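Q: Dumping the structure here so I can ask a few things about it.
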Amino acid sequence: MQIQETVPLDAPEHCPGPSSENAGTASACEGCPNQQICASAPRGEDPDLPLVVERLKEIKHKILVLSGKGGVGKSTFSSQLAWGLSLEEDKQIGLMDVDICGPSIPRIMGVEKEEAHQSSKGWSPIYVCPNLAVMSIGFLLPSEDSSVIWRGPKKNGLIKQFIKDVNWENLDYLIVDTPPGTSDEHLSLVQFFKNSGIDGAVVVTTPQEVALQDVRKEIDFCRKASIPILGLVENMSGFVCPSCKGKSNIFTITTGGGEALAKEMGLPFLGKIPLDPLIARSCDFGKSFIDECPESPASEIIIDIINKIDESLQKRQ
Ligand SMILES: Nc1ncnc2c1ncn2[C@@H]1O[C@H](COP(=O)(O)OP(=O)(O)OP(=O)(O)O)[C@@H](O)[C@H]1O
């Protein structure tokens, strides 16, 4: 199933797409909240697309990390995935944060006080260890507050600049931490990554019913945009008591949680990561949880999920 990737998901019926000749002026545009923006935006295929494709050519595997809801642990999982993949020292890993309104990767990766530097080859990512580089769109924002009111074309322009100008060099894996839901950022990512290929998306949810509902929309978005789904991760799946190690469920699971949803939607279920205060602590201190607490059951589960993702990517080659 292929859709016009540039048509927003909340667009009116018969939306011609923001880059079409009659964007903002067609009869279908009447009453659309984006009409003004579309009417004034540039037309046709983006002339910078070849530059974006050239930049992304150096990256072997590209993985999007998505969630329907905010706060379910998407950035936490993205960071663990990056740390975990970097344990193979001969592999080069990049972690890219495109959450314009709430970039949290710099803090989680312990680089929030760093500044990105520009060279003749573009922006250099920040290395947290020799084979793990991090870059956040937050490093390019003029001020923390200005981004919150940005809409469609301006966000799209910033994401394009970000993808085009960051000099990752040769990467084996690029993990892209996205904002929650299906917003302008996702449409831009699909537009800029489509010609160089996205290997797939990992979708993160909690077992809570409201989170699962939104995940269905995320899965639908991936299917419409022809993004393969590598699998579903259930995060905050029960609480492990630090003293007795007993597990209790925090969210009432009425429809079977992430595992049942994955089965229903015909997707691989990658695993259940428990709520563990030590995961939150590692993130707050910018450390790798799997390095800090290798013996923890949560670490074993995270490593198992990473291995499953890696195996599925190798099979796709
Ligand atoms: N398994 C876990 N155990 C304990 N705390 C967790 C776990 N996963 C995430 N957290 C904590 O939950 C909070 C939200 O996580 P995170 O920022 O990764 O969510 P998110 O989905 O990326 O949010 P947003 O969509 O707003 O960017 C953080 O404080 C994080 O440390």
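The values are calculated or read from the model by the stated rules, or taken from the named source; none is laboratory data. Quick caveat: nothing in here was measured; it's all calculated off a predicted structure. A quick note on method: Cβ atoms are made from the backbone with ideal geometry, for glycine too, and the neighbour counts reach across all protein chains shown.
Q: Quick one: His61 ticks every box in (1) buried (at least 24 other Cβ atoms within 10 Å of the Cβ); (2) more than 12 Å from the ligand (Cβ to nearest atom) except a single one, so which number is it?
A: (1)
Q: Criterion first (buried (at least 20 other Cβ atoms within 10 Å of the Cβ), away from the ligand (no atom under 12 Å from the Cβ) and in contact (Cβ under 8 Å) with a residue 60 or more places away in the chain) does Ala211 satisfy it?
A: Values: buried (at least 20 other Cβ atoms within 10 Å of the Cβ): yes; away from the ligand (no atom under 12 Å from the Cβ): no; in contact (Cβ under 8 Å) with a residue 60 or more places away in the chain: yes.
It is false that Ala211 is buried (at least 20 other Cβ atoms within 10 Å of the Cβ), away from the ligand (no atom under 12 Å from the Cβ) and in contact (Cβ under 8 Å) with a residue 60 or more places away in the chain.
Q: Do you know which residues across the stretch 108-142 are without any contact (Cβ under 8 Å) to a residue 40 or more places away in the chain and hydroxyl-bearing (Ser, Thr, Tyr)?
A: Scanning the stretch 108-142 gives Ser120, Tyr127.
Q: Does Val210 fit the bill of being assigned by TED's automatic domain parsing to the domain that holds Ile273, in contact with a strand residue (DSSP E or B) (Cβ under 6 Å, 6 or more places away or on another chain) and closer than 26 Å to Ser237 by Cα?
A: no
Q: I've got another one for you. For the stretch 181-208, how many residues meet the condition of being away from the ligand (no atom under 15 Å from the Cβ), over 13 Å from the mean Cα position of the chain (by Cα) and not in a helix (DSSP H, G or I)?
A: The qualifying residues number 4.
Q: Test Ile273 against the stated conditions and say whether it is in the same structural domain as Gln208 (by TED's automatic domain parsing) and either in contact with an Asp or Glu (Cβ under 6 Å, 6 or more places away or on another chain) or in a helix (DSSP H, G or I) (or both).
A: Taking the combined requirement at face value, the residue does not satisfy it.
Q: So if I check each of Ser243, Ser237, which one is out of contact with any strand residue (DSSP E or B) (no Cβ under 7 Å at 6 or more places or on another chain) and among the hydroxyl-bearing types (Ser, Thr, Tyr)?
A: The unique qualifying residue is Ser243.
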